1. With a Förster radius of 41 Å, plug the Cβ-Cβ distance of residue 223 and residue 53 into 1/(1 + (r/R0)^6) and report the FRET value to the nearest 0.05.
2. Could you rank the peptides 274-287, 184-197 by their average count of other C-beta atoms within 10 Å per residue, with the highest value first?
3. Kindly express, to the nearest 10 degrees and within the range 0 to 90, the angle between helix 280-292's C-alpha long axis and the longest C-alpha principal axis of the chain.
4. Please give the helix 235-252 orientation as an angle from the longest Cα principal axis of the chain, in degrees from 0 to 90, rounded to the nearest 10.
5. What order do you get for 244-257, 99-112, 126-139 when each peptide is scored by the mean count of other beta carbon atoms within 10 Å, highest first?
6. So for 300, 179, fewest C-beta neighbours within 10 Å to most, what's the order?
7. What fraction of the DSSP beta bridges in the chain is antiparallel, stated in percent and rounded to the nearest 5?
8. Helix-only estimate, please: 222 nm mean residue ellipticity of the chain, summing -39500 (n - 2.57) across DSSP H runs of length 4 or more and dividing by its residues, to the nearest 500.
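Bear in mind these aren't lab numbers, they're just calculated from the coordinates by the rules spelled out. Just so we're clear, the structure is a prediction, and the values are computed from it rather than from any experiment. When we count neighbours, we look across all protein chains shown, and the Cβ atoms used for this are built from the backbone with ideal geometry, even at glycine.
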């Protein structure tokens, strides 16, 4: 930490505090503002055309998909791509392509947003990988060593997979962090809500990740009654899924951002409501429950590659999503912040000045806007945050959310 920078900042604090004390009464009526807990993570050529007017949303998220990022090994429609299983993958070729792929979506070396790697065809733990993948991987071993018994082929396939998968994922995220060190890197839905009994086996993955992205999508239309029909589930089951997923991510990566990834439409595997927009009830659930479970924010994901979807999507955002967000902002302290509350403790006092100075001295640039000294919520810690704190300080009193 630079003592000189802190000293300069402290002098600035005194000056601005003198200015701020003269305007205390005026600023007390400023009220709380919407906290930018939402992140726009939609992909596709038309994603940028969706009307997000009025939403406290940040455009600070990118996704890297397995079929486009590096040379990800998988079995697709029964055909082995890039080796099929990680053991047969050309890791050097994969990392070389990662080197060229990362800057395509993040051209700025100082970018500090969220980067989610979406690898879903297999899991580094063999038992958590899809059955079709495991069968194909075992068949690869049998093709290579036809005299092996079924039991030995399975054992060899499993050990090869877990060794190679660990190296593949670690080398991938290490390369990403080296290329864009200020970005927060992690893998989509790792850990997932169903992985409680396996997290200790992949401690290396949690240590290597700098953010976590649990799935919080509403897969089925949620209902209050206990006998849901086709394409439906209960609200209680959805909440349990989110609580487990967010809670697990927070437990394996304490202190690291946990950002839920949700979809404003029902997924393609929903037998009744596939690709339809969420009901107002489900919109509220998806926005509210992850935060209640402790997530630091929510990424709104989709793939929007059709021009004809822009108008209905924009209409849905404005008619359904925006009112739901406005309601949360007005009713839920989790969705609000007070101007000047740099340490996110729901009050403005001298501790906020120290929070700003500490973050400023280390040249830290947050994007979540909570708890890192960014009192003005503009994505950067600078003198403006000192000004924001001092302009919202009472005469020795803290100012709290009503």
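1. 0.85
2. Ranked from most to least packed, the peptides come out as 184-197, 274-287.
3. Long axis of 280-292 versus the principal axis of the chain: about 80 degrees.
4. 90 degrees
5. Going from most to least packed, we get 244-257, 126-139, 99-112.
6. Ordered from fewest to most neighbouring Cβ atoms within 10 Å, 300, 179 come out as 179, 300.
7. Within the chain, antiparallel bridges account for around 20 percent of the total.
8. My calculation for the chain gives -12500 deg cm²/dmol from helical runs alone.
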